[in-house]
Amino acid sequence: LPISHRNELLLKVFFAGAVPPAVTSRNLEAIAAEVRGELRALEAIAREMDAAPDGHPDAPYWRLTLDFGLDVTRTALAWLDRAQAVLRARPRRAVRRAAGPPRSPTSPRTRKTS
């Protein structure tokens, strides 16, 4: 399924090593809350569709579209749960500096002169 778009969440996860784990966890939880709301809305639509009398010739296509949304949303929630589990399992460590490799104590910029 060719879906190509910039995903801000995935960028934040990709660079999560540059920030404290709590920041990434908050980002994931904020998105999960939004996705849970979307899932509730889609499930409400599904209940309405299921309760509606059959009859419209396009109803099966509408339901396929809705099912795609339900499946993608549930998959996103499962991924968010796995991502949170990975964060919880990671040992706490110092945050990496994003501006290049660490300097050695003898490099000209950090060496103290008397």
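The values are calculated or read from the model by the stated rules, or taken from the named source; none is laboratory data. Keep in mind that what you see is a predicted model, and the values were worked out from it rather than measured. Glycine gets a Cβ as well: all are built from the backbone with ideal geometry, and neighbour counts include every protein chain shown. SASA here: full protein model, heavy atoms, side chains in, ligands and nucleic acids out. Shrake-Rupley method; radii C 1.70, N 1.55, O 1.52, S 1.80 Å.
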Is it the case that the range 51-62 has a residue that's among the acidic types (Asp, Glu), without any contact (Cβ under 8 Å) to a residue 60 or more places away in the chain and outside any helix (DSSP H, G or I)?
-> yes
Any idea which residue in the range 69-114 is nearest to ALA44 (Cα to Cα), counting only those that are among the hydroxyl-bearing types (Ser, Thr, Tyr) and modelled with pLDDT under 90?
-> SER104
Could you tell me which of the residues ARG74, ARG47, ARG40 is open to solvent by 100 Å² or more (accessible area, probe 1.4 Å) and touching a residue at least 24 places away in the same chain (Cβ under 8 Å)?
-> ARG74
LYS12 is checked against (1) modelled with pLDDT under 95; (2) more than 10 Å from the chain's Cα centre (by Cα) and fails just one. What number does that condition carry?
-> (2)
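Out of curiosity, is ARG6 among the basic types (Lys, Arg), exposed (fewer than 10 other Cβ atoms within 10 Å of the Cβ) and either under 15 Å from the mean Cα position of the chain (by Cα) or part of a helix (DSSP H, G or I) (or both)?
Judged against the criteria, ARG6 is a match.
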